[in-house]
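Engineer: Next up is a structure, given as C-alpha cells.
Here, each number is a calculation from the coordinates, and none is a lab measurement. Everything quoted here is computed from the prediction, not taken from an experiment. Positions of Cβ are backbone-derived with ideal geometry, glycine not excepted, and every protein chain shown enters the neighbour counts.
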Amino acid sequence: MINNADQSLLEQTYKNATMGVLAIESVLDKAKNQDFSNDLHRQMQGYQELASKSKEELDKLGVEAKEKSIYDKTMLKGSIKMNTMMDASDSHIADMVIKGSTMGITEMSKLLHEHPHADGTCTKIAREFVTEEEKNIDIMKSYL
C-alpha cells in the first residue's frame, strides 16, 4: 500500500529539485565570476542527486515521477530571461537563486509538518532537500 505522505514528500522533492536544475541551467551562462559559476554547478549537482534519490524511491513505491509540464518549464525560463534582461549581474542572479531556494524551503517545510508520520527514508530525503537549500542560500549570500 502506498503511503500518500511518502508519495507527497517524494513528489515535491522531485519537482523542486528538477525545477532547481532547470533554473540553474538557465542562469549558468550568465555567471561572470568563476567561483560563482562553480557554486552554481555544485548547487545544480545537488539538485540532480536529490531528484535521482526521490525518483528512485518513487520507483520503489511503484509511482512514476511526474515531470513538469512544458508550460511550467517555459514559464520558468521566460521568467528568468525577463529577470536577467536588465540586470544579469552575479549579485542579481544570486538574489534570484536565494528567492527560489526560500520558496523551496517553505514548500517542503509545510509538507514535512503536514506529514509527520511519513516513512523515515522519504522524510530524510525531504529534510536533505531543505538542508541543501539552506546551504545554497548561505553560499549565494556571499555574492549579493
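Engineer: Cross-link candidates for K60: which lysines have Cα within less than 25 Å, leaving aside residues fewer than 8 places away along the same chain?
Structural biologist: K60 reaches K15, K68, K110, K124.
Engineer: Give K55/K99; K32/K135; K30/K66 a once-over and call out the pairs whose C-alpha atoms are over 27 Å from each other.
Structural biologist: Cα-Cα > 27 Å for K30/K66; rest within.
Engineer: Counting Lys and Arg as +1 and Asp and Glu as -1, what is the net charge of the other residues whose Cβ lies under 15 Å from the Cβ of S79?
Structural biologist: +2
Engineer: What percent does the relative contact order of segment 4-141 come to when contacts are Cα pairs within less than 8 Å and at least six residues apart?
Structural biologist: Reported relative contact order: 39 percent.
Engineer: Assign one of three labels to the chain, namely rounded, prolate or oblate, based on the Cα gyration tensor with a ≥ b ≥ c the square roots of its eigenvalues; rounded applies when a/c is under 1.5, prolate when it is not and a/b is larger than b/c, and oblate otherwise.
Structural biologist: prolate
Engineer: Out of the trypsin sites (Lys or Arg not before Pro) in segment 18-66, which ones are loop residues according to DSSP with at most 13 other C-beta atoms within 10 Å?
Structural biologist: K32, K66
Engineer: For segment 28-92, what does the alpha-carbon gyration tensor say about shape, rounded, prolate or oblate, given a ≥ b ≥ c as the root eigenvalues, a/c under 1.5 as rounded, and a/b over b/c as prolate?
Structural biologist: Oblate.
Engineer: Excluding same-chain residues fewer than 8 positions from K77, which aspartates and glutamates have a Cα within less than 18 Å of its Cα?
Structural biologist: Within reach: E25, D29, E67, D87, D90, D95.
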